[in-house]
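The values are calculated or read from the model by the stated rules, or taken from the named source; none is laboratory data. These numbers were taken from a predicted model, which means no experiment stands behind them. Positions of Cβ are backbone-derived with ideal geometry, glycine not excepted, and every protein chain shown enters the neighbour counts. In case anyone asks, the SASA skips ligands and DNA or RNA and just uses the protein heavy atoms, side chains included. Shrake-Rupley method; radii C 1.70, N 1.55, O 1.52, S 1.80 Å.
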Amino acid sequence: MKKLFIAAMLFVGIASFAQTQKERLTPEQRNEKQLQKITTELNLDANQQAQVKQLLADRSAKAEKLRAARQEQKESGTKPTAAEREAFKNELLAERDANDAKMKAILNADQYTKWKAIQEENKDKAREKMKEYRKDSN
């Protein structure tokens with residue numbers, strides 16, 4: 001019994017250590033993981049997979065560029081004006097709408113409907129996480 005308890009404690013310790021050592025995925029790895037998830041959820045064919053892969057790569061490159069610009073601005077210590085924030089928000093909305101239109105062109109009607117439902121579900125999950133985060137930080 002004592003050996004079993006020690007083995008269980010060792011396993012828990014190793015498992016918790018392994019989780020803290022998680023490596024951040026590269027953009028390519030994230031895109032591949034996302035492509036696999038979308039392929040499974042929507043049953044994409046090979047042609048659709050290729051198109052979605054390209055869309056994810058383009059989206060990832062743009063996001064990385066925006067992230068770098070934002071980091072550069074943060075390091076310089078300048079805060080964006082209200083007009084700059086509004087322009088950035090509008091740019092993100094336009095980009096999201098463009099990506100949505102591209103996905104609609106790639107997917108068939110049933111796949112697109114399912115994809116939109118998954119997007120809404122993910123948005124709801126993100127809102128819940130944000131509520132929890134705000135509750136915990138107060």
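Residue by residue, here is whether (1) of a type outside the set (A, V, I, L, M); (2) modelled with pLDDT of 90 or more holds:
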site: Asn31; (1), (2): yes, yes
site: Lys37; (1), (2): yes, yes
site: Asp58; (1), (2): yes, yes
site: Ala61; (1), (2): no, yes
site: Arg67; (1), (2): yes, no
site: Glu86; (1), (2): yes, yes
site: Lys104; (1), (2): yes, yes
site: Lys125; (1), (2): yes, yes
site: Asn138; (1), (2): yes, no
Options Ala117, Ala46, Ala68, Ala87; residue that is closer than 19 Å to Pro27 by Cβ, out of contact with any helix residue (DSSP H, G or I) (no Cβ under 7 Å at 6 or more places or on another chain) and loosely packed, with under 14 Cβ neighbours inside 10 Å:
Ala68
Out of (1) over 25 Å from Leu44 (Cα atoms); (2) open to solvent by 100 Å² or more (accessible area, probe 1.4 Å), what's the single condition that is false for Lys104?
(1)
Complete set of residues in the range 121-138 that are within 16 Å of the chain's Cα centre (by Cα), among the acidic types (Asp, Glu) and open to solvent by 90 Å² or more (accessible area, probe 1.4 Å)
Glu121, Glu128
